[in-house]
There are 4 protein chains.
Amino acid sequence: MAETTPDAENDKCEDLLDSLRRGRPAAGQDPVKRSQIIDGARRVFIDKGFEAASMNDITREAGVSKGTIYVYFANKEELFEALIEEERGSIFKNMYDLLDRSDDLRQTLVKFGKVLSMKITSARVIQAQRTVIGASDRIPDMGARFYERGPKRGHDRMVTFLNAAIERGLLRIDDVDLAAYQFTDLCLAGLFRQCIFAYRVKAPSQEEIEHIVRSGVDMFLKAYGTASLAEEERHQMIALEAKS
Amino acid sequence: MAETTPDAENDKCEDLLDSLRRGRPAAGQDPVKRSQIIDGARRVFIDKGFEAASMNDITREAGVSKGTIYVYFANKEELFEALIEEERGSIFKNMYDLLDRSDDLRQTLVKFGKVLSMKITSARVIQAQRTVIGASDRIPDMGARFYERGPKRGHDRMVTFLNAAIERGLLRIDDVDLAAYQFTDLCLAGLFRQCIFAYRVKAPSQEEIEHIVRSGVDMFLKAYGTASLAEEERHQMIALEAKS
Amino acid sequence: MAETTPDAENDKCEDLLDSLRRGRPAAGQDPVKRSQIIDGARRVFIDKGFEAASMNDITREAGVSKGTIYVYFANKEELFEALIEEERGSIFKNMYDLLDRSDDLRQTLVKFGKVLSMKITSARVIQAQRTVIGASDRIPDMGARFYERGPKRGHDRMVTFLNAAIERGLLRIDDVDLAAYQFTDLCLAGLFRQCIFAYRVKAPSQEEIEHIVRSGVDMFLKAYGTASLAEEERHQMIALEAKS
Amino acid sequence: MAETTPDAENDKCEDLLDSLRRGRPAAGQDPVKRSQIIDGARRVFIDKGFEAASMNDITREAGVSKGTIYVYFANKEELFEALIEEERGSIFKNMYDLLDRSDDLRQTLVKFGKVLSMKITSARVIQAQRTVIGASDRIPDMGARFYERGPKRGHDRMVTFLNAAIERGLLRIDDVDLAAYQFTDLCLAGLFRQCIFAYRVKAPSQEEIEHIVRSGVDMFLKAYGTASLAEEERHQMIALEAKS
DNA sequence: TATGAATGAGTGTTCATTCAT
DNA sequence: GATGAATGAACACTCATTCAT
């Protein structure tokens, strides 16, 4: 199988699996058309929210006929969920790679925290989250599925990362799971609820995020950092001063 | 009778006189009927979300006629906001009084954090927040208004509390505003998003909340507590040990 | 019976007759309240038309309760018709007295034509006529009744007047009935349809009406005037010239 | 193919191609369905008036679904206006051609006056006018638009015709505009208001119209005819007598 | 008798979904 | 397989009328 883009491959596979899983007729197999539909749907759903988006809008935006959409997706909800699935993939993909490099701990946490905070509070992602949350009541498990495949995965990566740091003797943490949540929520301190409730109408600035994340990392390391982390950081500081 | 604004007083008096005169409350003034409507609306809105809830559903659930609802509330939105207002009132009323007592700092933070966390993650409040978030796309400002009258006020109370503790020399904080957000989000670490996305289907247990809050308070005080706080806590500990 | 104002007397009589005719219960007998209702109804119906006027509007405008209106009038339509009845009376009352004076013929026709044309094209009367016409389909005979008691009566007076002029040898007319219609319609030439279709949004000016009426009277007398009329007019002219 | 506006041409072409390609007319383009809707609408609007007619009634009467009506017409008003437009087209089309032949003046006026009077007082046209008048209050300009495209155009044609007759030396008229109105209203003398108020429940007979029109034309020509018209008519009379 | 709160059928319009072409 | 015209249930909201007080 020739590797093109991982995304496209993924899609094709999922499509096939899907059609097997659901026993759908041979129709609705063209991944190009599927993408076309999802792209149109994205523009409309993000722009208007789930309820206000009309299938006609999507039809127009996607440039395919009403009937065709219903060949690929059983109904509006299924289309929406498919879109969310894709969306998440395209946004958070690769974000966690930052955690794989075994750089300086504080640096890594700050870098990662900034990216995380920026992505989660970006207008687009907030919109999508709002829509998912709003639709959660109507479509059981949609929210749960979203959380599982999104925030949950990120959390797991963070747990792994923290465990590695513990191994390296840099951190000492009783409840690593909790610590991972604390880290994430410190990076978003105040922001998430402000954004999700539309109290903030635009995404926080780079500077604001940097300020919050640095403060959060300070707090986090003051709480969980070991003596050897402090030692290491002291050395780095000295080295840095020597350079300048 | 404490004079507030003359208008409000006047209105109240006229209403009362009216209802006495006629033995029937004025249109849109009967608190029993109002409650009846809001109760029906609560069940429907919470169950289906703002958009999917129909006024007919509410009519049926509340056991009043369509027309009557429109006597009490100008439209669907106003009914929804009234419901939310009531909800918030009935849930968060008095919660912040915990911050007024100048008790032992750590104790206070833990107590308050536990109540806060418990309330915000209670099934009912989560449901209401989901509905507000979902409605935010279509009704700009509804979410913002919700945030302002709810989370924002709580945040302000927390800022005041922290400033008092700083005054007392127990805390040293650069950015009090940020610290308040950090405190709240540490108390909810991991919980809020899990609940709001329905990944958790039931509210966290007392024990879990206690664990999270204690951990958060530890972290918070490790970061912002002064030497005199430590001193004070050491004395308490000794006193406590002596007792036992 | 003490003569107060002819209008009030009329009303009282009609009310009594009404209640006898319809066998209504003793309720709804107070002519003051009846007038109050009709006055409110007038403002609302004239302002909004039959369908758009709401009984609530009328309630508010009349300053009586909903129930009271329904004591005096069986329903919206009956109220409307009662209003129209009154309206016509108050507007056209006395207008035809102009025809009773045996003045100079041309003068009389011009004077009468001007008043007629002005009244019929006045905003108020046009509104009322529009409403009657619009309601005619829904309320059988309303239009006919309106025509009979309004335009028809005026027409009859005009026929009488023309016959008198014929008697005096001033006119020679084959079909007096037709001539009366011709006179009226010449006085309104072009105006009635323009007004009733709201092509003209405001009533024609005094000057315009004068121009139209004079032209119509000229035509009318050229067609139906006798030699002796011409003679008479010649004398008048001479007399007039002599004076100046 | 005569190029009018490129856009209009384009649209027309695309529509045609579309319907050929698919063997089905484009949305809102099927003239059969359009007629079906308008026919249903005609029955309902004429029967109940604009306000009282409900889209549900029309749906039922037309035998199409609610949605389909809204594909063909944006809203109730637009449907109503389309109906009126059609109505006018089908009734008054070609009527004014009578004025294009330069026949004997009196004959032409009589012929035209008869047709005009007959059409305007026909049950169908009266009904339509009643509906428009009734709707005028709520929908400003609807009546005006009706007047402009109907009576106003007819009036303009009459003005042109009279000017031609003046040119030919047959008439002498100071105010041609007024004269045109006078002619029309003489042809309808008494009829229009009787019909529009439903005092007359059926259209006037041929004979009655003939009588009224002849009388009106007599009057009109007595007022505006020149000596040369009289001369011409005398010659015709002699010629006619000679023949018999 | 007079009141006005309550009623609920009715309004014009939208839109997810179907199915003949 | 793809299309998009047609569908009709559903929507938020109004208002003539009733009837308990």
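The values are calculated or read from the model by the stated rules, or taken from the named source; none is laboratory data. Keep in mind the model is a prediction, meaning the values are calculated, not measured. As a convention, Cβ positions derive from the backbone with ideal geometry for all residues, glycine included, and neighbour counts pool all protein chains shown. Keep in mind that these areas ignore ligands, DNA and RNA; they rest on the heavy atoms of the full protein, side chains included. Shrake-Rupley method; radii C 1.70, N 1.55, O 1.52, S 1.80 Å.
Odds and ends about this structure:
- Scanning the range B:25-71 for residues that are touching a Pro at 6+ places or on another chain (Cβ under 9 Å) and either near DNA strand E (Cβ under 7 Å from one of its atoms) or within 14 Å of chain A (Cβ to nearest Cβ) (or both) yields B:PRO25, B:LYS33.
- Among the conditions (1) more than 11 Å from every other protein chain (Cβ to nearest Cβ); (2) under 26 Å from D:LEU178 (Cβ atoms); (3) more than 15 Å from the chain's Cα centre (by Cα), the only one that C:ALA189 does not satisfy is (1).
- Test: D:ASP97 is of a type outside the set (A, V, I, L, M) and loosely packed, with under 12 Cβ neighbours inside 10 Å: yes
- Summed over the range B:119-144, the residues that are touching a residue at least 24 places away in the same chain (Cβ under 8 Å), in a loop (DSSP other than H, G, I, E, B) and more than 7 Å from every other protein chain (Cβ to nearest Cβ) give a count of 3.
- Boolean, D:ILE46 is surrounded by 15 or more Cβ atoms within 10 Å (Cβ to Cβ), modelled with pLDDT of 70 or more, part of a helix (DSSP H, G or I) and within 24 Å of the chain's Cα centre (by Cα): yes
- Scanning the range B:80-94 for residues that are closer than 14 Å to B:ARG149 by Cβ and open to solvent by 50 Å² or more (accessible area, probe 1.4 Å) gives B:GLU85, B:GLU86, B:SER90, B:LYS93.
- Scanning the range C:198-220 for residues that are open to solvent by less than 70 Å² (accessible area, probe 1.4 Å), closer than 23 Å to D:ARG149 by Cβ and more than 10 Å from chain D (Cβ to nearest Cβ) turns up just one, C:PRO204.
- Within the range A:221-244, being open to solvent by 70 Å² or more (accessible area, probe 1.4 Å) and within 8 Å of chain B (Cβ to nearest Cβ) holds for one residue alone: A:LYS222.
- All conditions but one from (1) open to solvent by 60 Å² or more (accessible area, probe 1.4 Å); (2) of a type in the set (Gly, Ala, Ser); (3) within 11 Å of chain A (Cβ to nearest Cβ) apply to B:ALA180; the one that does not is (1).
- Selection within the range D:142-167 - surrounded by fewer than 18 Cβ atoms within 10 Å (Cβ to Cβ) and of a type in the set (Ser, Thr, Tyr): D:THR160
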